[in-house]
Amino acid sequence: EGVRRYGFHGLSYEYLVSRLAELDPARAKGRVVFCHLGSGASMCATLGGRSVTSTMGFSALDGLAMGTRPGQIDPGVLLYLMDRKGMGAKAISDLLYKQSGLKGLSGISNDMRELEASADPRARQAIDYFVARIRREIGAFAAVLGGLDAIAFSGGIGENSRLIRELVLRGMEWLGV
């Protein structure tokens, strides 16, 4: 029916694999998880520099929570919104693409910098969810790859948020991190 799983940060991952090969050729040939974290967020597991699996799906809605997109969501939620809340396709699309993710979870902002600076507990809840989903995927990717040799971060959040990197990696010693 024309439904396929796609990846939406392919150019980023292609660059990251080539850059890691320049910086650390041995690790680049191993089992690497790349975390592209920004307003759009995804993760990719590579083995020998080739993609093995990704958090992205058919659309840019799947996978990790993002700035305004929810990431993985139970399809039953969509049926609930249609049946119980009377929402149509346009309203659901607007909710999923523009009002969900960090913005929807926090009720404050889709900008991680604002969430990190906020004392509002909803901001911390959104951050904790974002981190938990990344950690969950790292664990799943480690299982797929049979272990990890490296984890690399990119994107606006991945590159610039020391807090997010620290929270994601905390307690990952069992993986060699």
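Probe radius 1.4 Å, ligands and nucleic acids ignored: give me the carbon and sulfur share of the accessible area of the chain as a rounded percent. Let's see the in-between values first.
On the way: 5200 of 9770 Å².
C and S fraction of accessible area: 53 percent.
Can you give me the convex hull volume of the Cα atoms of the range 10-106, divided per residue and expressed in Å³? Could you put the intermediate results ahead of the total?
On the way: hull volume 9.6 nm³, N = 97.
Taking the convex hull of the Cα positions in the range 10-106, it is 99 Å³ per residue.
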Problem set entry | Extension reserve of the residue 117-residue 22 stretch, reckoned as 0.36 nm per residue once the Cα distance is removed | 30.7 nm
Problem set entry | Karplus (6.51, -1.76, 1.60) ³J(HN,Hα), θ = phi - 60°, over the range 60-73, in Hz, Gly and Pro reported as x | 6, 8, 7, x, 6, 4, 10, x, 10, 10, x, x, 3, 9
Exercise. Can you list the HN-Hα couplings for the range 47-58, worked out from phi with the Karplus curve (6.51, -1.76, 1.60; θ = phi - 60°), rounded to whole Hz and with x for Gly and Pro?
Worked result: 10, x, x, 10, 4, 10, 7, 9, 7, 7, x, 4
For this session: Taking 7 Å along the Cα-to-C-beta vector as the label spot, tell me the residue 5-residue 136 distance in nanometres, rounded to one decimal.
Result: 1.6
Exercise. Aspartates and glutamates near residue 103 by alpha-carbon distance under 18 Å, same-chain residues fewer than 8 away left out - which ones?
Worked result: 62, 94, 111, 114, 116, 120, 128
Problem set entry | Environment charge of residue 54, counting only residues whose C-beta is closer than 13 Å and scoring Lys/Arg +1, Asp/Glu -1 | 0
For this session: Measure off 7 Å from each Cα along the Cα-to-Cβ vector at residue 125 and residue 174, then give the distance between these two points in nanometres to one decimal.
Result: 2.8
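In terms of the Cα gyration tensor, with a ≥ b ≥ c the square roots of its eigenvalues, is the range 59-155 rounded because a/c is under 1.5, prolate because a/b exceeds b/c, or oblate? Please list the in-between numbers first.
Details: a/c = 2.45, a/b = 1.34, b/c = 1.83.
Since a/c reaches 1.5 but b/c is at least a/b, the shape of the range 59-155 is classed as oblate.
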For this session: Scan around residue 57 for amide H atoms under 5 Å from its own, H built in the peptide plane at 1.01 Å from N, and keep only partners 5 or more places away or cross-chain.
Result: 6, 62
For this session: Enter the accessible area per residue of the chain (Å², integer; probe 1.4 Å; all protein chains in place).
Result: 55
Problem set entry | 5 angstrom amide H check on residue 153, placed H, neighbours 5+ away | 35
Exercise. Between residue 74 and residue 14, what is the spin-label point distance in nm, taking each point 7 Å from the Cα along the Cα→C-beta axis?
Worked result: 3.9
Problem set entry | Calculated SAXS-style log₁₀ I(q)/I(0) at q = 0.17, 0.28, 0.29, 0.31 Å⁻¹ - the range 42-98, Debye, Cα scatterers | -0.61, -1.13, -1.16, -1.22
Problem set entry | the chain: proportion of alpha-carbon pairs further apart than 30 angstrom, % | 21
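The values are calculated or read from the model by the stated rules, or taken from the named source; none is laboratory data. Here the structure is a predicted model, which is why all the values come from computation and not from measurement. Heads up, the Cβs are rebuilt from the backbone with ideal geometry, glycines too, and the neighbour counts pull from every protein chain shown. Just so you know, the surface numbers come from the protein's heavy atoms only, side chains and all, with ligands and any DNA or RNA stripped out. Shrake-Rupley method; radii C 1.70, N 1.55, O 1.52, S 1.80 Å.
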